[in-house]
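Reviewing the structure listed below.
The values are calculated or read from the model by the stated rules, or taken from the named source; none is laboratory data. Just so it is clear, the model here is predicted, and its values are computed rather than measured. Here Cβ is always computed from backbone atoms with ideal geometry, including for glycine, and neighbour counts include all displayed protein chains. Ligands, DNA and RNA are excluded from the accessible area calculation, which covers all protein heavy atoms including side chains. Shrake-Rupley method; radii C 1.70, N 1.55, O 1.52, S 1.80 Å.
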Amino acid sequence: MKPILTPALLTTTASSLLLAACSQTQIDSAATDANGQTIASINSSADASSYTGTASLTQGLAQTDVTNAYECDRGRQTNIGSIQSTDGKIWTVPAATNLLNTDFPVASDLNNPCTGNDYRTASEAFAQLDGSDIIEVDADGEVYTAYVFADNYFEMYVNGVAVGRDNVPFTQFNSNIVRFKAKAPFTVAMHLVDWEENLGIGSESNRGSEFHAGDGGLVAVIKDENNNIIAKTDENWKAQTFYTAPIRNLSCVSESGSERLSSNCITTANVQDGSADYGLHWELPTNWQQADFDDSSWPNATTYSNQTIGVDNKSAYTNFTDIFDNEKANAEFIWSTNVVLDNEVIVRYTVNGF
């Protein structure tokens, strides 16, 4: 199949700043962008100097580099930005993704208010597919179907091959179908992003606060050609966070082995000024998409109830409870240990077949 180019390879000519906002690697450089403009950087404080964790530390709002990367009626504005950490690295926020990479396959609609494909059943959605959506991982493989609801954005790989990304990065809420041809066992790896309005500090305008911490969540079901559920999201998946924000007091975060913990941090305060909020950033491993990547030290995924994620009023989920809430194989919402503050998460799972 046609190789997938990382956006870092596409950052040339007049579009360099646009695609750099989606680069796969964080750039160690001076705090200026491609146009010589100053990039948002940390405002040093005693609190910041006392931080001893493994993350790169940022504070305050990021610079906005891309405005309206995706537009949807009644959806939140999808912006992309950059910010410098205390160690001199430049970070794309909310994450370095393939949203603007036209070579990355786009997942099909299961239910999508943004495109007008408000399908009520999976059969209705499938009727729109002609087979051109199927991504080949193994030429002699079987066709598998993944049903995905992500809050907000996902990119999915099978054995290192890109098989689909979310076509709505922020809101309105949607769900997707991803079909691929592979031989079991195969490893699913997904890059998950909880998008943000306030770039660099993981928050949005909500519930009377201009800097309300948003939440994430992923539920997925994979079926074989005979409609058997062969995998579903649960506590057996691996999950690691790579961007945590907003952090309003650095003493609330801790690390234990490979766990990056923020459960002691405040998430419900009615905040009207996020200029002092911190972000914690970790670089993604270079080969996290591959089947042979060693995730044995990563924490298992944390599961969350439908009520915690808040999907009971979202047709992109409720129209398909026969799939996601199957009485014999109920899929669970998963994320890292903090579904509110962890904004960029990698999850992985090896599927052995039926």
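Things to note:
- Highest GNM mean-square fluctuation among T92, T171, T321, for the chain modelled with Cα contacts below 10 Å: T321.
- Between amide H atoms placed 1.01 Å from N, distances below 5 Å from V163 occur with M156, Y157, V158, all of them 5 or more places distant or on a separate chain.
- At q = 0.24, 0.28 Å⁻¹, base-10 log of I(q)/I(0) for the range 240-289 (Debye sum, equal scatterers on each alpha carbon): -0.96, -1.17
- Rounded to the nearest Hz, the phi-derived 3J(HN,Hα) couplings of the range 337-354 under the Karplus curve 6.51 cos²θ - 1.76 cosθ + 1.60 (θ = phi - 60°) are 6, 10, 6, 8, 8, 7, 9, 10, 9, 10, 10, 9, 7, 9, 9, 9, x, 8, where x marks glycine and proline.
- Pairs exceeding 23 Å between alpha-carbon atoms, taken from K181/K328; K183/K232; K238/K314: K181/K328; K238/K314.
- For D109, the residues whose amide H sits under 5 Å from its own are I177, ignoring neighbours fewer than 5 places away on the same chain, with H placed 1.01 Å from N.
- The GluC sites (Glu not before Pro) of the range 147-231 meeting both criteria, a DSSP state outside H, G, I, E and B (loop) and at most 15 other C-beta atoms within 10 angstrom of the site's C-beta, are E225.
- Using R0 = 30 Å, the C-beta based FRET efficiency linking D87 and E235 works out to 0.35.
- Where the chain is the region considered: accessible area per residue in Å², 1.4 Å probe: 41
- With all pairs of separate Cα atoms included, the range 254-354 yields a Kirkwood hydrodynamic radius of 16.7 Å.
- Here the range 128-235 yields Rg over Rh of 1.06, to two decimals, using C-alpha coordinates and the Kirkwood radius.
- The gain in end-to-end length when the D103 to S132 segment is fully stretched comes to 9.0 nm, 0.36 nm per residue minus the alpha carbon separation.
- Choice from T337, T308, T233 showing the highest fluctuation, given a GNM over the chain with Cα pairs closer than 10 Å: T308
- For D118 and A329, the difference between the fully extended length at 0.36 nm per residue and the C-alpha to C-alpha distance is 73.5 nm.
- Remark: the range 250-260, residue by residue, has Karplus-estimated 3J(HN,Hα) of 5, 6, 7, 9, 8, 9, 9, x, 8, 7, 10 Hz, where x stands for each Gly or Pro and the curve is 6.51 cos²θ - 1.76 cosθ + 1.60 at θ = phi - 60°.
- Radius of gyration over Kirkwood radius for the chain, both on Cα atoms: the Rg/Rh ratio is 0.95.
- Paired Rg and Dmax values of the range 48-164, which use every Cα atom, in angstrom: 18.7, 57
- Accessible area of the chain belonging to carbon and sulfur atoms, whole % at 1.4 Å probe: 43
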